[in-house]
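First up is the structure itself, then whatever we jot down about it.
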Amino acid sequence: MGKVMAKVRMWNYSEEEKVKRGEVEPLEVEALVDTGSMSVVLPTWIVERLGLLVDGEVPVVFADGHKARRDLAWGLRIETLGRSTELRAIVEPGRDTPLLGQLFLEDTCLLVDCKSGKLVPDPAYGGEEVHEVI
């Protein structure tokens with residue numbers, strides 16, 4: 001299938017009203033959709049550009065098995081395909097491209113279509129954004 005990329009818009013949730021009024025333009029970037037990752041991971045440059053609050057840190061494990069601690073950025077709003085969510089993000093200084101993991105996919109009811117290699121609305125509910133409450 002290869003890499004799945006998605007065009008997303010990101011902004012600081014504290015500027016939500018300014019974004020709605022057109023006073024602040026969201027940052028548009030291509031993000032890597034990684035179904036094997038749990039979290040949203042942002043490069044430092046995006047955290048700084050959006051002015052996100054960095055507070056606290058978490059332990060992380062990389063694909064090669066090594067462990068580290070990374071800062072958390074709070075107040076991130078992400079939008080794609082007409083769906084948006086507010087999430088915290090792990091700050092990864094060595095990254096160039098944002099990464100969208102399962103928390104983003106679950107919260108927006110999107111999934112990766114393996115045939116097309118694209119991010120799509122979950123067809124389980126006719127493509128509607130429906131959240132399961134169990």
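Each reported figure results from applying straightforward, stated rules to the coordinates on display, with no laboratory input. As the structure is a computational prediction, the values presented were derived from the model and not from experiment. Every residue, glycine as well, gets a Cβ built from its backbone with ideal geometry; the counts of neighbours run over all protein chains shown.
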In cubic angstrom, how much convex hull volume per residue do the alpha carbon atoms of the chain span?
131
Using the basic label-point model (7 angstrom from Cα toward the beta carbon), what is the ARG49 to THR97 distance in nanometres?
1.5
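What is the dipole size for the chain, taken about its Cα centre, with +1 at each Lys and Arg Cβ and -1 at each Asp and Glu Cβ, in debye to the nearest 20?
In debye, rounded to 20, the chain gives about 280.
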Over segment 4-125, relative contact order from alpha-carbon pairs under 8 Å, at least 6 apart, %:
32
How long is the gain from GLU86 to MET5 if the chain were fully straight, where each residue apart is worth 0.36 nm and the alpha carbon distance is subtracted?
27.2 nm
Put +1 on the Cβ of every Lys and Arg and -1 on every Asp and Glu Cβ in segment 43-134; which of GLY75, LEU100, ALA124 then has its Cα farthest towards the positive end of the dipole?
LEU100
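Let me have the 222 nm mean residue ellipticity of the chain computed from DSSP H runs of 4+ only, each contributing -39500 (n - 2.57), with the sum over all residues rounded to the nearest 500. Before the final figure, lay out each step's value.
Values: 3 runs with 19 residues, N = 134.
Computed mean residue ellipticity for the chain: -3500 deg cm²/dmol.
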So for R0 = 35 Å, FRET eff. of LEU32-HIS131 from the Cβ-Cβ r, to 0.05, ends up at 0.90
If the chain between GLU106 and ARG70 were fully extended at 0.36 nm per residue, the gain over the current Cα-Cα distance would be 10.7 nm
